[in-house]
Amino acid sequence: MTYILDWKRTLYNTDTFELIDGATELLAFLSKEGDSTLILVGKGSDDMHSEVKRLGVEHYFADIKFQEGDKDKSLFVEFVDKDDPKGTFFIGDSARSELAVGDSLGATTIWVRQGKFSDELPENPVYSPTYTVSSLREAHALLENL
């Protein structure tokens, strides 16, 4: 399986410059899934690469991609399994951003409904998250039971 994880406000708190509660445990769990690949995506540039390294989580990811400006499909498309898109999981905090892209690509999406975008519903109801959780700990529990 492939797990595409959003960085800012999903794993990384942009106000405290620290990982969000449950991030390390979720990454450790996903990386123990023998055939799993973890991809980190988000807005930013070299400054965000430095933060990933400073927080000691870069080793969990097979690839790390940051993009200036708005995230678009091109950032994600190469990581989605064309033969089994449902086997690719998008995990993020914005139903209008990475999760809408994940849905449009046929992937499984998990909305971590926390923080700034917790009340922001999908712009197009066709692209609703597959699962909705309120924290990374809840996402972890969900994934353990899938």
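The values are calculated or read from the model by the stated rules, or taken from the named source; none is laboratory data. Just so we're clear, the structure is a prediction, and the values are computed from it rather than from any experiment. Cβ atoms come from the backbone with ideal geometry, glycine included; neighbour counts cover every protein chain shown. Side chains included, ligands, DNA and RNA excluded: accessible areas come from the protein's heavy atoms. Shrake-Rupley method; radii C 1.70, N 1.55, O 1.52, S 1.80 Å.
Computed quantities for the displayed model
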| read-out | value |
| --- | --- |
| Members of region 98-117 that are at pLDDT below 80, open to solvent by 30 Å² or more (accessible area, probe 1.4 Å) and not hydrophobic (A, V, I, L, M, F, W, C) | 115, 116 |
| Among (1) farther than 20 Å from residue 113 by Cα; (2) open to solvent by 70 Å² or more (accessible area, probe 1.4 Å); (3) of a type outside the set (Lys, Arg), the one test that residue 15 misses | (1) |
| Of the criteria (1) within 14 Å of residue 61 (Cα to Cα); (2) in a loop (DSSP other than H, G, I, E, B), which one residue 10 fails | (1) |
| Considering residues of region 44-85 that are out of contact with any strand residue (DSSP E or B) (no Cβ under 8 Å at 6 or more places or on another chain) and among the small types (Gly, Ala, Ser) only, the residue modelled with the highest pLDDT | 56 |
| Enumeration of residues in region 51-81 that are over 18 Å from residue 27 (Cα atoms), open to solvent by less than 60 Å² (accessible area, probe 1.4 Å) and part of a loop (DSSP other than H, G, I, E, B) | 69, 71, 80 |
| Positions within region 34-50 being surrounded by 13 or more Cβ atoms within 10 Å (Cβ to Cβ) and farther than 18 Å from residue 111 by Cα, in sequence order | 36, 37, 44, 48, 49 |
